[in-house]
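Any read-out appearing in this document is the output of simple, stated calculations on the displayed coordinates, not a laboratory observation. Because the structure is a prediction, the values reported are computed rather than measured. Quick reminder, even Gly has a Cβ in these numbers, built from the backbone with ideal geometry, and neighbours come from all protein chains shown.
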Amino acid sequence: MKFVDQVRIHARAGEGGNGCCSFRREKFVPKGGPDGGDGGKGGDIILVADPNTDNLAALYYDPNLRAKRGAHGQGKKKHGRNGESRIVRVPVGTLIHPLPDTAGLRVAARDPEADGEEARPAAKLDLRAMTPLADLAAPEQTFTLCAGGRGGKGNVHFKSSTNRVPRQTTDGEPGEEGWFALELRTIADVGLVGFPNAGKSTLLGAVSAAHPKVAAYPFTTLNPIVGVMDLDGYRRLTIADIPGLIEGAHENRGLGHEFLRHILRCRLLLHVVDLAATDGRDPVSDFRTLRREIKLYDPQLAQKPSAIVANKMDVPGAEETLKIFRRSIRGFRIVPVSARDGLGLDALRQLLDGIFSMA
Ligand SMILES: Nc1nc2c(ncn2[C@@H]2O[C@H](COP(=O)(O)OP(=O)(O)OP(=O)(O)O)[C@@H](O)[C@H]2O)c(=O)[nH]1
Ligand SMILES: [Mg+2]
C-alpha cells in the first residue's frame, strides 16, 4: 500500500436527533401532559494516535469522514439514542491543520480563474507556515475533530402554566464539519540525513532491529522508517531513516522536501557521509550541499544539534579522505564507522549516549 504522510480530508460529525412531540395517553388519563423526549446527540469524529499505524494511507483512500446522526426522541420521554462516533486511527506524530472551505477538493482541483500556483492541490500546501489545531504526539492521545450536534428538545420541556399542551419541539443541531489537512511528522530522537547511497539504511540496520532495504542504487529508501536503538539495556533511542537528499531537495527535487518534515522533530541530526567517495562524489562538498539544503528547507532545522557519521571507512583510501574531511569541516563531531562491517558503532553509541543523557 502507498505511503501517505499528508492528506486532505473532509469531516462531518452526526446531526443531533430531533425532539419529539407526544402526549401521555393512558387509560383513565384522558388528557395527559406532553411526554416527547429529546433527540440523541450526533456522533463525533475522533482521531486517535495509534502506535500501530505508520501512515495516513487509510485516509487517503477514504477522505470523507462521517459519523452517525442521533436518533429522534420518542414518546414517554424517551431519549433518542446518541449517534455512533467515528473513530479514526492515525499515526503518532500526526498534526491537524484546519483548511479554509475553498481548499476543498472541488475548488482546489481545477479553478480556471486561479493561476497555476493557487490551483495546486492542497497536497502541495506548505503546512509548515500554518498553526496546527492539534498535534497527536503521544500514543493513544485523542482529538475530537468535529463534535456531533446536540439533540433537539422534546415537547416535555415546553410545558408552562399558560400552555399545558405545547406542540413545540426543537430540531437537532447539525454536526460540526470542515476541511482539514493531516500531516505526519515522524517523532524520533535521531534523524538520519545524507545523499542517496551514503549508507543511512545500512547504519539503521546495524544499530537497531529494523530491517530497512539496502541496495547499491539511489533512492532505495522511499518512506521514512523508524528503528529503535538500545543504548545501554534500558535506555532507547528512536532513529528515523529517510530517503536520500540531493541538491535542490528543498525545492522538491528528488524525493527530498517531502520527507524532510520527518526530521523536523528530531532532537539530533545525524549526517551520514560516504567517505568512499562512491560515484565520484566528494564528501566535503556533499556535506556542504547537504547542510545548504537543510538550511534552505528550514533554517531552524539547521540549528538542531548535529553530528556526522563518516561511513564506509572499510574502503581503501577512506582514511586519507577522512583526514581531508576533518580539516575542511569544523564545528561538528565526526564519528568514523563502517556500517556494513559494524566498525565504529560503539563510538557512535557513546556519542549518542552523551548527547541524550544531557537532556
Ligand atoms: N563498503 C561499504 N559499503 C557500504 C557501507 N554502508 C553501506 N554501504 C553500501 O552502500 C550502498 C547504499 O547503502 P544504503 O544503506 O541503501 O544507502 P542509503 O543512504 O540508505 O541510500 P538511499 O536509501 O538510496 O538514500 C549499499 O550497496 C550498501 O551495501 C559501508 O560501511 N561500507
Ligand atoms: Mg536508504
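Rg and Dmax, both from the Cα atoms of region 148-188 and both in Å, are 20.6, 66. The dipole here belongs to region 149-215: it is taken about the Cα centre, uses +1 on the Cβ of Lys and Arg and -1 on the Cβ of Asp and Glu, and is about 360 debye.
For region 182-307, the dipole from Cβ point charges (+1 on Lys and Arg, -1 on Asp and Glu) about the Cα centre works out to 280 debye, to the nearest 20. Look at the Cα gyration tensor of region 6-184: its axes a ≥ b ≥ c give a/c of at least 1.5 with a/b over b/c, and that counts as prolate.
Out of 151, 174, 57, whose Cα points farthest toward the positive end of the dipole of region 6-184 (charges: +1 Lys, Arg; -1 Asp, Glu; placed on Cβ)? About the Cα centre, the residue reaching furthest to the positive side is 151. In the chain, the DSSP-assigned H stretches of four residues or longer account for a calculated mean residue ellipticity at 222 nm of -5000 deg cm²/dmol, using -39500 (n - 2.57) per stretch and the full residue count as denominator.
Mean separation of Cα pairs under 8 Å and 6 or more residues apart, divided by the residue count, gives the chain a relative contact order of 16 percent. Which residues make up the longest stretch of the chain that has no GluC sites (Glu not before Pro) in a DSSP loop with at most 14 other Cβ atoms within 10 Å? It works out to 141-359.
Relative to the longest principal axis of the Cα atoms of the chain, the long axis of helix 318-328 lies at roughly 70 degrees.
Measuring gaps between exposed loop sites in the chain (chymotrypsin sites (Phe, Trp or Tyr not before Pro); DSSP loop; at most 16 other Cβ atoms within 10 Å), the longest gap, sites not included, is 29-218. When you filter the trypsin sites (Lys or Arg not before Pro) in region 1-80 for DSSP loop state and at most 11 other Cβ atoms inside 10 Å of their Cβ, you are left with 2, 27, 31. Computed over the alpha-carbon pairs of the chain, the distance histogram in 20 Å steps reads 25, 40, 21, 10, 3, 0 percent, short to long. Antiparallel beta bridges, as assigned by DSSP with both residues in the chain, represent about 55 percent of the total such bridges. Between the helical axis of 283-297 and the longest alpha-carbon principal axis of the chain there is an angle of about 20 degrees. Sort region 305-359 into rounded, prolate or oblate with this rule: let a ≥ b ≥ c be the square roots of the eigenvalues of the Cα gyration tensor; rounded if a/c is under 1.5, and if a/c is not under 1.5, prolate when a/b is larger than b/c, oblate otherwise. Cα axes put region 305-359 in the oblate bin. Positive-end ranking of 90, 73, 16 along the dipole of region 1-108, with charges on Cβ about the Cα centre, is headed by 73.
To the nearest ten degrees, helix 345-358 and the longest principal axis of the Cα atoms of the chain are 50 degrees apart. The loop-placed trypsin sites (Lys or Arg not before Pro) in region 293-359, going by DSSP, that have at most 16 neighbouring Cβ atoms within 10 Å of their Cβ come out as 330. For the chain, a simple Cβ point-charge model (Lys and Arg +1, Asp and Glu -1, everything else neutral) yields a dipole of about 1840 debye relative to the Cα centre.
Is region 235-359 rounded, prolate or oblate when judged by the Cα gyration tensor, a ≥ b ≥ c being the square roots of its eigenvalues, rounded requiring a/c under 1.5 and prolate requiring a/b larger than b/c?
It comes out oblate by the Cα gyration axes.
From the alpha carbon centroid of region 1-80 to that of region 301-359 is 56 Å. Taking a straight line from the alpha carbon of residue 41, these lysines sit under 24 Å away, with near neighbours fewer than eight places off in the same chain left out: 68, 76, 77, 78, 153, 159.
Averaging the sequence gap over all C-alpha pairs within less than 8 Å and six or more residues apart, then dividing by the number of residues, gives region 6-184 a relative contact order of 38 percent.
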